[in-house]
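The values are calculated or read from the model by the stated rules, or taken from the named source; none is laboratory data. Quantities reported herein were computed from a predicted structural model and do not represent experimental measurements. Positions of Cβ are generated from backbone atoms using ideal geometry, with glycine treated the same way; all protein chains shown enter the neighbour counts. For accessibility, only protein heavy atoms count, side chains too; no ligands or nucleic acids. Shrake-Rupley method; radii C 1.70, N 1.55, O 1.52, S 1.80 Å.
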Amino acid sequence: MNEDIKRLKEIIDGSSNIVFFGGAGVSTESGIPDFRSADGLYNQDLGRTVSPEEMISHTFYVNHPDQFFEFYRDKLIYEDAEPNACHKALAELEAEGKVKAIVTQNIDGLHQKAGSKVVWELHGSTLRNYCEKCGAFYDLSKVTGTKGVPVCDKCGGRVKPDVVLYEEGLDSDVIDGAVKAISEADTLIVGGTTLIVYPAAGLIHYFHGKNLVLINMSATSADNSADLVIREPIGEVFAQVMGY
């Protein structure tokens, strides 16, 4: 265990209100690609003339629903993914009363699958789907078990994944919950995010606690403000901290 890991363990041991703010890098060790790294989704040659950013925009969803769902099923749903050491550690620390909330940009539901209870999903979840016409709820199988555009069994309306697409606003209740959690924390651990996606990244400015920790493989805009910066895979970091 190197000095940075020891320092992180000391910070966790000495904290009673930890909030974890995570991005796509949290789930890469579960086999889910991130977006902006060299091997990420946005840098893949998908053989399409439309960029991934455009394909997961509200405009593209409305105008080209068939292509949207083809891309969505192929690139954004990972049914077989399992929580890694980071997800498991955070759930364990929540059970111990250390971690009070998780704020995540991910849509994979792995924090809940690991056992975390208080999770603010800024960008929604692939596990939830709603009819745009009558509001009927459907789980993931409604999307994965059909081809083309999924439609409601009750009214025939289009079923939309409960994910925040480009051009769409974040849910105000989720934002309020995340802001409250971050503003009350004594320690904020930011992991697996480059902090360039707004408005989500701006939430860390509500933190006024004692310890700001950044765990990410590349530099972030908040590195100079952090009390501790660790450049290692986040799952490996938490595995060492927890003694897995």
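I need the full set of residues from the stretch 188-244 which are part of a loop (DSSP other than H, G, I, E, B) and among the small types (Gly, Ala, Ser), in order please.
So in the stretch 188-244, the residues part of a loop (DSSP other than H, G, I, E, B) come out as 192-199, 207-210, 216-222, 226-227, 231-233, 243-244.
Matches in the stretch 188-244: 192, 209, 218, 219, 221, 222, 226, 243.
Quick check, is residue 201 more than 30 Å from residue 71 (Cα to Cα), within 18 Å of the chain's Cα centre (by Cα) and crowded, with 18+ Cβ neighbours inside 10 Å? In short, no. Go through the stretch 200-244 residue by residue and tally those that are aliphatic (A, V, I, L, M) and farther than 25 Å from residue 16 by Cβ. The total comes to 4.
Scan the stretch 207-220 and tell me whether some residue there is open to solvent by 80 Å² or more (accessible area, probe 1.4 Å), at pLDDT 95 or above and more than 24 Å from residue 32 (Cβ to Cβ). Yes, there is a match, as at least one residue in the stretch 207-220 is open to solvent by 80 Å² or more (accessible area, probe 1.4 Å), at pLDDT 95 or above and more than 24 Å from residue 32 (Cβ to Cβ). Could you say which residue among 45, 66, 74 is at pLDDT below 95, in a helix (DSSP H, G or I) and open to solvent by 60 Å² or more (accessible area, probe 1.4 Å)? Sole residue among the options that is at pLDDT below 95, in a helix (DSSP H, G or I) and open to solvent by 60 Å² or more (accessible area, probe 1.4 Å): 74. The set of residues in the stretch 105-142 being open to solvent by less than 50 Å² (accessible area, probe 1.4 Å) and over 20 Å from the mean Cα position of the chain (by Cα) consists of 131, 135, 136, 138, 142.
Find the residue count for the stretch 108-127, including only residues that are among the β-branched types (Val, Ile, Thr) and touching a Pro at 6+ places or on another chain (Cβ under 8 Å). It would help to see each step written out before you state the result.
Of all residues in the stretch 108-127, those among the β-branched types (Val, Ile, Thr) come to 118-119, 126.
From what is left, the residues that are touching a Pro at 6+ places or on another chain (Cβ under 8 Å) are 126.
Within the stretch 108-127, residues that are among the β-branched types (Val, Ile, Thr) and touching a Pro at 6+ places or on another chain (Cβ under 8 Å) number 1.
Out of the residues in the stretch 143-154 that are of a type in the set (A, V, I, L, M, F, W, C) and touching a residue at least 60 places away in the same chain (Cβ under 8 Å), state the one that is least open to solvent (accessible area, probe 1.4 Å). Within the stretch 143-154, the match that is least open to solvent (accessible area, probe 1.4 Å) is 143.
For the stretch 173-185, indicate whether the set of residues that are of a type in the set (Lys, Arg) and in contact (Cβ under 8 Å) with a residue 24 or more places away in the chain is non-empty. No, the stretch 173-185 contains no residue that is of a type in the set (Lys, Arg) and in contact (Cβ under 8 Å) with a residue 24 or more places away in the chain. For the stretch 155-166, does any single residue satisfy the condition of being open to solvent by 70 Å² or more (accessible area, probe 1.4 Å) and either free of Cβ contacts under 8 Å to residues at least 60 places away in the same chain or not aromatic (Phe, Trp, Tyr) (or both)? No; the residues of the stretch 155-166 include none that is open to solvent by 70 Å² or more (accessible area, probe 1.4 Å) and either free of Cβ contacts under 8 Å to residues at least 60 places away in the same chain or not aromatic (Phe, Trp, Tyr) (or both).
Residue-level analysis places residue 115 outside the set of residues that are under 26 Å from residue 21 (Cβ atoms) and without any contact (Cβ under 8 Å) to a residue 24 or more places away in the chain.
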